[in-house]
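Rule-based calculations on the coordinates, nothing more; no lab input. Everything numeric here is computed off the predicted structure, so don't read it as measured data. Cβ placement follows ideal geometry from the backbone for every residue including glycine, while neighbour counts extend to all protein chains displayed.
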Amino acid sequence: MQKLLLKVFVKDYENTADPQVREAYGKLAGTVGIVSNTVVSVLKIAVGMIFSSISIMADGLNNLADASSSLITLIGFRMASKPADEDHPYGHARIEYITGLIVSFLIIMLGVETLKSSWAKIMEPEPLQFSMVAVGVLLMSIAVKLWQASFNMKMGNAIDSATLKATGADSRNDVISTTAVLISLLIGKFTGLQLDGYMGVLVALFIIWSGICLIKETSDPLLGLAPDPTLVKQIEERVVSHEGILGIHDLVVHDYGPGRVFASVHAEVDANGNLMESHDLIDNIEKEISSALKIELVVHMDPVDTQDPLTQIVKQQLTEVISDIDDILNVHDVRVVPGYTHHNILFDIVVAAGAEKTDSQLKTMVMTRMKEYDPKYNTVIEIDRNYTGECHK
């Protein structure tokens, strides 16, 4: 079914790297969600009103929220596809995250109102009328939600959309809540226990919890989520695979929304090599990786002295020193200024995310251990932060 819909409604649907194709995926998913959730919601609310079931009505309102979510998703994908302008040079792709936040708050508000209604039903219970029509509607809803979960997950994976993946997870959760309502209906029929209000409370709490989880999922990218480890590894491997690159450091990745990723990295080259050749190499790396990974990459060239014996000795000693310090990931930009009474050793250390020791403590540890190699060493240390989420070597 998914492939058929894509072939009919999305031109060149296999080219998911194309922003227009990505937008079409989002529009299709939003439209399908609006139609299917609205139909299911209307049926459930009608059945709930006819047979005085607050839990079925609550489940129907949950589906109505899903339809609203799909509408906001549809609008969000449309707005997120707008090109960059003077006020927004990085584009509008982050609107997709903002629409997710709006949906999250709407879901929580609906959950709170449903909780109030369910509690009132517990305080003043009404006889629940059993009907095979209600059972049929709930079974149909479960089938639709199972299909929606599969559809949205596949669509989300195809275009790497956190919003569609979250929508798929929400549909999967709806299967659980609807199944619970169905079970309570059957228990009431065969045992006489009136669990409708209590099940309505459970569904309401489930709705609220889903909204809270969705807030976290959609707000993390806005707050500055660590980049995808796979992307980080691909950038690192592709840069160092070029002959003439001695190493890299200071990799930073900025996410301005799906399809709008900017990155920068420092690449070390031989200071004694040909400057023009090194510059040409850096340009080629930028173009190659930007094209292959669909990101905007800037590479800063760092010259490294590979022929000074003292510098090489110091590098080896620094490597040995930080190997025993878990909070330090690596060392780079090592420079040595020799003198008669002391040698200035200048370098940067990269501190792991969530380091237990303070910057001052780490500097003191490195300085103390380096002086054990040579009392003439005067260390000048700069602290670098790790922005790829690494917390260990």
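Helix 54-80 axis versus longest C-alpha principal axis of the chain: approximately 40°, rounded to the nearest ten.
The angle separating the long axis of helix 132-159 from the principal Cα axis of greatest extent in the chain is about 20 degrees. Of Ile107, Ile313, Ile325, the residue with the greatest mean-square motion in the GNM of the chain, using alpha carbon springs below 10 Å, is Ile313. Entry note, the stretch 2-223: relative contact order of 26 percent, from Cα contacts under 8 Å with a spacing of 6+ residues. With both residues required to sit in the stretch 308-393, DSSP beta bridges show an antiparallel share near 45%. Put a dot 7 Å past the Cα of Val42, heading toward its Cβ, do the same for Ser291, and the two dots end up 5.2 nm apart. When the Cα positions of Thr358, Ile248, His342 are compared along the charge dipole of the stretch 234-393, Thr358 comes out farthest toward the positive end, with charges on each C-beta of Lys, Arg, Asp and Glu. The calculated FRET efficiency for the pair Met79 and Leu246, based on their C-beta separation and a Förster distance of 51 Å, comes to about 0.70.
Cβ-Cβ distance of Val133 and Gln2, R₀ of 35 Å, FRET efficiency by 1/(1 + (r/R0)^6): the value works out to about 0.70. Per-residue ellipticity at 222 nm from helix content only, as computed over the chain with -39500 (n - 2.57) for each DSSP H run of at least four residues, stands at -21500 deg cm²/dmol. Whole-Hz Karplus values for the stretch 183-200 come out as 4, 5, 5, 5, 4, x, 5, 9, 10, x, 6, 8, 9, 4, x, 5, 5, x Hz, taken residue by residue from phi with 6.51 cos²θ - 1.76 cosθ + 1.60 and θ = phi - 60°; glycine and proline positions read x. Comparing Leu195, Leu318, Leu223 in a Gaussian network model of the chain (Cα springs below 10 Å), the most mobile by mean-square fluctuation is Leu223. Can you tell me what share of the DSSP beta bridges in the chain is antiparallel? A percent to the nearest 5 is fine. Antiparallel bridges make up about 45 percent of those DSSP assigns within the chain.
What order do you get for Ser81, Ser161 when you list them from fewest to most C-beta neighbours inside 10 Å? Write out the running numbers ahead of the final one.
Working: Ser81 20, Ser161 25.
Least crowded to most crowded, the residues run Ser81, Ser161.
If only the Cβ of Lys and Arg carry +1 and only the Cβ of Asp and Glu carry -1, the dipole of the chain around its Cα centre is close to 2140 debye. When each of Glu86, Glu372, Glu288 is scored by the number of other beta-carbon atoms lying within 10 Å, the sequence from fewest to most is Glu86, Glu372, Glu288. Residues whose amide H falls under 5 Å from that of Thr379, counting only those 5 or more places apart or on a different chain, are Ile345, with hydrogens built in the peptide plane.
Taking only alpha carbon atoms, the chain gives an Rg to Rh ratio of 1.16, where Rh is the Kirkwood radius. Normalised by the number of residues in the chain, the mean separation of alpha-carbon contacts (under 8 Å, six or more apart) gives a relative contact order of 13 percent. Taking only the alpha carbons of the stretch 277-371, we obtain Rg and Dmax values of 17.0, 52 Å in that order.
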